[in-house]
Amino acid sequence: LLYVELSWMRGDTDPAKLRTLLATDEARAELQPLATLLGGRPTELIEYVGKMDRDSITHPYVLDVMCASAHSELREPRRAIDLLMSALRENPGMAGAFKDLGDQFYMCFEMGAAWDCWEMGRRLDPDHPMFEELERHEAGLRTRMEELFE
């Protein structure tokens, strides 16, 4: 889970590497099934994480970020927001989690909150790859509505 957390902080996201790490003998048997649930079965991921003994896991709030992504896939942005806020209270240095939180607010048409979250994430790590799409979106806005950016 530390690898996942660091990827949200530094942007070294490599899902294949994460699956490999979770499948190693060194990984706790309890975490290995996450490798098969990531990126495909959001309901099963949420159910599995809900049954885990969080007291026996370091950095359990990382599981909240994973579940928030699953809730986002299920079009449940309010639940995703709650989980991301909980995780960010534990580690407010996860720039990628701020990006995800902004995306959830955006889905709820709460634009001010979305931009605040995105800006906080970019302040933490301006070069984080999760913000590339947002950068392209802003560049398009500047081109189409340059008077708003003067």
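Computed over protein heavy atoms with a 1.4 angstrom probe, the accessible surface ordering of Arg79, Arg136, Arg122, largest first, is Arg136, Arg79, Arg122. Mean projection of the Cα convex hull over all viewing directions, computed for the range 34-113: 5.2 nm². Each 10 Å bin from zero holds the following percent of Cα-Cα pairs in the range 45-85: 34, 53, 13, 0. On the basis of the beta-carbon distance and an R0 of 22 Å, Thr58 and Ser86 show a calculated FRET efficiency of 0.85.
In order along the range 102-109, phi translates into HN-Hα couplings of x, 4, 5, 5, 4, 4, 8, 6 Hz, rounded to whole numbers, per the Karplus curve 6.51 cos²θ - 1.76 cosθ + 1.60 with θ = phi - 60° and x for Gly and Pro. Apolar share of the accessible surface for the range 61-150: 52 percent from carbon plus sulfur atoms, 1.4 Å probe.
Shown is the FRET efficiency for Thr143 and Leu74, computed with R0 = 30 Å from the Cβ-Cβ distance and rounded to the nearest 0.05: 0.30. Counted over the range 63-150 with a bin width of 5 Å, the fraction of Cα pairs per bin, in whole percents, is 3, 16, 23, 24, 19, 7, 5, 2, 0. Binning the C-alpha pair distances of the range 90-133 at 5 Å intervals from 0 yields a P(r) profile of 6, 30, 32, 22, 10, 1 %, listed from the shortest bin outward.
The values are calculated or read from the model by the stated rules, or taken from the named source; none is laboratory data. Remember, it's a predicted structure, so these values are computed and weren't measured experimentally. Ideal geometry is used to build each Cβ from the backbone, glycine not excepted, and the neighbour counts take in all protein chains shown. Protein only, heavy atoms only, side chains kept; ligands, DNA and RNA dropped before computing areas. Shrake-Rupley method; radii C 1.70, N 1.55, O 1.52, S 1.80 Å.
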